[in-house]
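The values are calculated or read from the model by the stated rules, or taken from the named source; none is laboratory data. As the structure is a prediction and not an experimental result, all values here were calculated from the model. Counting neighbours? That spans all protein chains shown, and the Cβs are built from the backbone with ideal geometry, glycine included. Accessible surface areas use protein heavy atoms only, side chains included; no ligands, DNA or RNA. Shrake-Rupley method; radii C 1.70, N 1.55, O 1.52, S 1.80 Å.
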Amino acid sequence: MKVKMLSRNPDNYVRDTKLDLQRVPRNYDPTLHPFEVPREYVRALNATKLERVFAKPFLASLDGHRDGVNCLAKHPKNLATVLSGACDGEVRIWNLTQRNCIRTIQAHEGFVRGICTRFCGTSFFTVGDDKTVKQWKMDGPGYGEEEEPLHTILGKTVYTGIDHHWKEAVFATCGQQVDIWDEQRTNPICSMTWGFDSISSVKFNPVETFLLGSCASDRNIVLYDMRQATPLKKVILDMRTNTICWNPMEAFIFTAANEDYNLYTFDMRALDTPVMVHMDHVSAVLDVDYSPTGKEFVSASFDKSIRIFPVDKSRSREVYHTKRMQHVICVKWTSDSKYIMCGSDEMNIRLWKANASEKLGVLTSREKAAKDYNQKLKEKFQHYPHIKRIARHRHLPKSIYSQIQEQRIMKEARRRKEVNRIKHSKPGSVPIVSEKKKHVVAVVK
């Protein structure tokens, strides 16, 4: 049997007398510097501090609406064009580069409940409280022409949401049921329903374009197949879901914004357990939208803030708020993945940077190289306590901060109660339920 042993020569590291200098092992390779790690650590620390110094995410506020902004839509072909619908029935079209309103339409009586653009960008659809679906031209009327819709469909009930197919001349509305419409007809091609409650939002899948998802006020999220004209399956949660958004890169992943302050990312192949529970908001989450990369999403909440979550993390990486911003009702991530828009109660649309400390405009090659180097340094040292604390810290309004503390105490009390109950019960009689499974009531197929 061979035994491997470490053998070292004491002459290499033991001093002859106490007066000698300590012998330090050195690598004489000229490419390796003895202080490389400490130097890089200091650089990473400075880069992290500078990132927080230059984090100025707010860009502009688009004002002009005379009532709260209820819905937003992006132009599919033009980055600068954005559409917004307000609670007084007014629709405005904005130019983001000039930051002004280029067209105003009095579209409906009462709220504009939903707005969506056609996949080619030539027209857009609106639904309102007056039980109508209207199709409008994207370009304004000619000189001397009246502002009139291309088509108007009068329905039997109030429509609460609308979404257009990503490739065909088909759109879906929701209210008492989900209706699929052909653009050329005044009656729906098919109507799908499962349960009897009103449906608040409907969304087409951008990858598998024949799939739809909807959420209803009876706490259901229902998935439909347009080809079979039938519901596929539904998941029932603890509380009501306000809206859902499909991941543009992964066909089977969607995120639901819920009334219980959380967001749930589901894989539609296994609805019994969410892939991730995203917790940070302190009030109901009203809207959610994915980044075009599919790696992150932004959520709007009743707590007067918007948060950016990585898809695979349960905590947000960024929170945006201003003193004037009230309950945020709708949010959109622009198609170039650089900006975020949100519409809120106090009649404003705000434009934010998706990356708070990003420098706008053209970067020189040296700036680009420095930015990439700093990014790599921050990634390398991200788990060091000092750097982690600086990178993670965000200033929060007093109201949100105090609610977070309050919820932390409540959560801790619930956890303590659960532990005590398990401790004083017969082993195995009290099941241990994971955080992910707590909020799902049932899955029906």
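Assuming R0 = 51 Å, what is the FRET efficiency of ASP312 and LYS2, from their Cβ-Cβ distance, to the nearest 0.05? Result of the calculation: an efficiency of 0.65. Between segment 1-74 and segment 367-411, how many Å separate their Cα centres? Result: 17 Å between the Cα centres.
The residue list GLY85, GLN98, GLY110 was ranked by how far each Cα lies along the charge dipole of segment 77-118 toward its positive end, using unit charges on Cβ atoms, and GLN98 comes out on top.
At a probe radius of 1.4 angstrom, the accessible area of segment 42-159 per residue rounds to 49 square angstrom. In segment 1-148, Cα pairs under 8 Å separated by at least six residues give a relative contact order of 12 percent.
Helix 365-380 and the longest principal axis of the C-alpha atoms of the chain enclose an angle of approximately 70°. For the pair segment 189-251 and segment 275-300, the centres of their Cα atoms are 18 angstrom apart.
Taking the highest mean first, how do the peptides 26-33, 258-265 order by number of other beta carbon atoms within 10 angstrom per residue? Walk me through the numbers before you get to the answer.
On the way: 26-33: 7.8, 258-265: 22.4.
Most protected by this proxy first, the peptides run 258-265, 26-33.
Using Cβ point charges alone (K and R +1, D and E -1), the dipole size of the chain about the Cα centre works out to roughly 2840 debye. Binning all Cα-Cα separations of segment 217-369 at 10 Å, short to long from zero, yields these whole-percent fractions: 11, 38, 32, 14, 4, 1. Applying 1/(1 + (r/R0)^6) with r as the Cβ-Cβ distance of LYS359 and LYS426 and R0 = 56 angstrom yields a FRET efficiency of 0.35. Calculate I(q)/I(0) for segment 1-123 by the Debye formula, one identical point scatterer on each C-alpha and no solvent, and give its log10 at q = 0.14, 0.17 Å⁻¹ to two decimals. After summing over all Cα pairs, the log10 values are -0.84, -0.95. Sorting the segments 141-148, 403-410, 117-124, 266-273 by their residues' average number of neighbouring beta-carbon atoms within 10 angstrom, most packed first, yields 117-124, 266-273, 403-410, 141-148.
Using the heavy atoms of the protein chains alone and a 1.4 angstrom probe, what is the accessible area of segment 230-320 per residue in square angstrom? Don't skip to the answer; put the middle values down first.
Numbers: 2850 Å² over 91 residues.
Using a 1.4 Å probe on heavy atoms only, each residue of segment 230-320 averages 31 Å².
To put it simply, the accessible area of the chain at a 1.4 Å probe is 54 percent carbon and sulfur. Computed from backbone phi with θ = phi - 60° and the Karplus coefficients 6.51, -1.76 and 1.60, the 3J(HN,Hα) list for segment 200-216 is 8, 7, 9, 9, 7, 6, x, 9, 8, 6, 8, 8, 10, x, 9, 10, 10 Hz; x is used for glycine and proline. Given +1 at the Cβ of Lys and Arg, -1 at the Cβ of Asp and Glu and no other charges, the dipole of segment 329-445 around its Cα centre is 680 debye to the nearest 20.
With n ≥ 4 as the cut-off for DSSP H runs, can you work out [θ] at 222 nm for the chain, using -39500 (n - 2.57) per run divided by the number of residues, rounded to the nearest 500?
Values: 5 runs with 72 residues, N = 445.
Mean residue ellipticity, 222 nm, calculated: -5500 deg cm²/dmol.
The VAL207 and GLN184 beta-carbon pair, evaluated with R₀ = 30 Å, returns a calculated FRET efficiency of approximately 0.70. Values of log10 I(q)/I(0) for segment 58-107 across q = 0.18 Å⁻¹ run -0.52, by the Debye formula with one identical scatterer at each alpha carbon and no solvent. Residue-wise HN-Hα couplings along segment 328-334, as the Karplus relation 6.51 cos²θ - 1.76 cosθ + 1.60 with θ = phi - 60° gives them from phi, are 8, 9, 9, 8, 9, 9, 5 Hz; Gly and Pro carry x.
Projecting label points 7 angstrom from Cα along Cα→Cβ for ARG415 and GLU148 puts them 6.4 nm apart. Between the listed residues THR322, SER299, TYR339, the Cα displaced farthest toward the positive end of the dipole of segment 287-341, a dipole computed from Cβ unit charges relative to the Cα centre, is found at THR322. As I understand it, the dipole of segment 90-237 uses +1 on the Cβ of Lys and Arg and -1 on the Cβ of Asp and Glu, about the Cα centre. Which of GLY161, THR122, MET138 lies farthest toward its positive end? Going by the Cα projections, it comes out as GLY161.
A 1.4 Å probe run over the protein chains yields, for segment 383-445, 87 Å² of accessible area per residue, whole-number rounding.
Using Cβ point charges alone (K and R +1, D and E -1), the dipole size of segment 270-383 about the Cα centre works out to roughly 620 debye.
Using the average count of surrounding beta-carbon atoms within 10 Å as a protection proxy, the listed peptides 130-136, 308-314 rank, highest first, as 130-136, 308-314.
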